[in-house]
Structures are given as C-alpha cells and as structure tokens.
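Shown next, in structure tokens, is the structure this report addresses.
The values are calculated or read from the model by the stated rules, or taken from the named source; none is laboratory data. As the structure is a computational prediction, the values presented were derived from the model and not from experiment. Glycine also receives a Cβ, built like all others from the backbone with ideal geometry; neighbour counts cover every protein chain displayed.
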Amino acid sequence: MKNIVILISGRGSNMEALIAARDAGDLPINIAAVISNRPEAEGLETAVRAGITAHFINHKGFAGRESFDAALAECIDQFSPDLVVLAGFMRILTEGFVRHYEGRLVNIHPSLLPSFSGLHTHQRALEEGVRIHGCTVHFVTPTLDHGPVIIQAAVPVLDGDTEATLAARVLQQEHKVYPQAVRWFVDGRLTLENGRVRLAADQADAAVMISPEIR
Ligand code: GAR
C-alpha cells in the first residue's frame, strides 16, 4: 500500500474526494497524514474525523519561504510518502522543496493550464469569455501552477454562469480527476520521465474528461 501525504490550506474537498475513493475501495492508499499551513483550515477537522493524522505548520511563524519549506519537508518526510498531493495548498514552494519531491509531487489547479494559472481562475475565465474551462492535475515544477500535465477535465462555460456556478461545475470534475490521477500513480501506471508524463497506453484516452454538459 502506497503512503500518501496530502497538503491543504482550506476546505479540503479534494482531500475528501481522495478519502471517499479510498473508503469505497477504489483507491488503495494509506493516507499517512494531512498537513495544513493554516491552523484554521476546515479540512484539518475533516481529516481528524476520518481518523487521519493531521498537522498544521503555520507559515506565519517563519521568517521566509526557505525555513517554512524546510520545516514542512521535515514533517512530510516522517511519513515516508510515495506521493505528496497538493489539494488546495495555497503556497508558492521553493525550488529546493520541489526538487526534493521530483516525480512524486502533484497539484490540482482549477483551470485548463497553461491558461489561468494563479488565483481567481473562474472569474478570469468569465471575463475572457472562454467557452471551455476546467481543471488540471500536473506534476509540480518550481514555476507556480505549471508542470507536466497528467489529466484534464473540460466543462462548458454557460450563459448566465457566475463565478460560483462555474466553480461548482469545475469542482465536480476535480473530485473525479484527482482520485484518477492518484490511482494511476499508485498502480504504477503513471510516472514522470525526463520531465514528461508517461501514462500506461491503455489509459491514455482517460486523461481527458469531458463533462456531460459539453455536446
Ligand atoms: C480547488 O479548486 C483547487 O483546484 C484549488 O483550490 C481549491 C481547493 O479546494 N487549487 C489551486 O488554486 C492551486 N493553485 P478544496 O480545499 O475544497 O480542495
């Protein structure tokens, strides 16, 4: 059974999707720990309720990114993770941290990268008038919201959408693609080789999810 450490900063619904997949017998993982950089993150309580070891390391208690990331890595490494999963972890990571976890650090971002990296992705998608939006799971590189893409899900932008309705449509897909990506990884069907994603050939079609609203 592979060891996973999940990093969160807030609500933790992507973390919950992973817990639910595990509990349904769909995802053979040991969630060794959930770690937040914000003590008040709602997801910490959810993790504790699910019987998962939960820690917080308040980034505000550190002089800079290097010292915070060093403390974070020390905490993570106690759990010997095969994979570190960023699930709404809203921190820019140092290059040293990212290199330490090369090939075993993944992130989910609420846009079809490379469009709309950063914050307020749904509002920006509405302002740009794009017709297709979505989410991306990728291996992490030192550049924010950037890296080899594992899986993407596309949703339509509908007339009358608000930031909230669009975010909800994307989030539904996030909860599908993240367990899928983690499943591939723990099954040994997904690796990072020379900076490129290698996915088992029979799974390639599944790396694009199109929501049913797209005709
Ligand atoms: C999710 O929409 C995730 O894609 C996004 O934060 C949200 C966290 O929600 N992540 C990023 O924007 C990373 N750049 P959650 O706490 O309910 O999983």
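The single condition among (1) acidic (Asp, Glu); (2) within 12 Å of the ligand (Cβ to nearest atom); (3) under 18 Å from Val182 (Cα atoms) that Glu42 does not satisfy is (3).
Conditions (1) modelled with pLDDT of 95 or more; (2) over 30 Å from Asn3 (Cβ atoms), marked per residue:
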position: Gly118; (1), (2): yes, yes
position: His146; (1), (2): no, no
position: Ile151; (1), (2): yes, no
position: Ala164; (1), (2): yes, yes
position: Arg183; (1), (2): yes, no
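So which of Val170, Val186 is under 25 Å from Arg91 (Cβ atoms), touching a Pro at 6+ places or on another chain (Cβ under 7 Å) and away from the ligand (no atom under 14 Å from the Cβ)?
Among Val170, Val186, only Val186 is under 25 Å from Arg91 (Cβ atoms), touching a Pro at 6+ places or on another chain (Cβ under 7 Å) and away from the ligand (no atom under 14 Å from the Cβ).
Of everything listed in (1) closer than 21 Å to His175 by Cα; (2) away from the ligand (no atom under 16 Å from the Cβ), the single unmet condition for Ala87 is (2). Being assigned to a loop (DSSP other than H, G, I, E, B) and under 18 Å from Gln172 (Cα atoms) is the filter here, so list the residues in the range 1-26 that pass it. Selection gives Gly10, Arg11, Gly12, Ala24, Asp26. Scanning the range 1-33 for residues that are within 11 Å of the ligand (Cβ to nearest atom) and among the aliphatic types (A, V, I, L, M) gives Ile6, Leu7, Ile8, Met15, Ala17, Leu18.
The rows are residues; the columns are (1) acidic (Asp, Glu); (2) surrounded by 16 or more Cβ atoms within 10 Å (Cβ to Cβ); (3) assigned to a loop (DSSP other than H, G, I, E, B).
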| position | (1), (2), (3) |
| --- | --- |
| Leu72 | no, yes, no |
| Ile76 | no, yes, no |
| Pro81 | no, yes, yes |
| Val85 | no, yes, no |
| Met90 | no, no, yes |
| Phe97 | no, yes, no |
| Pro114 | no, no, yes |
| Leu119 | no, no, yes |
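In the range 141-173, which residues are assigned to a helix (DSSP H, G or I), crowded, with 16+ Cβ neighbours inside 10 Å, within 16 Å of the chain's Cα centre (by Cα) and without any contact (Cβ under 8 Å) to a residue 60 or more places away in the chain? Ala167, Gln173, listed by residue number. Checking each residue in the range 44-70 for being surrounded by 13 or more Cβ atoms within 10 Å (Cβ to Cβ) and of a type in the set (A, V, I, L, M, F, W, C) picks out Leu44, Ala47, Ala50, Ile52, Ala54, Phe56, Ile57, Phe62, Phe68, Ala70.
Where residues in the range 178-214 are free of Cβ contacts under 8 Å to residues at least 60 places away in the same chain and of a type in the set (Lys, Arg), which of them is farthest from Ala17 (Cα to Cα)? Checking each candidate, the answer is Arg196. The residue pairs whose first member lies in the range 6-26 and is within 12 Å of Gln180 (Cα to Cα), whose second member is part of a helix (DSSP H, G or I) and of a type in the set (S, T, N, Q), and whose beta carbons are closer than 9 Å, counting only pairs six or more residues apart or on different chains, are Ala21/Gln180.
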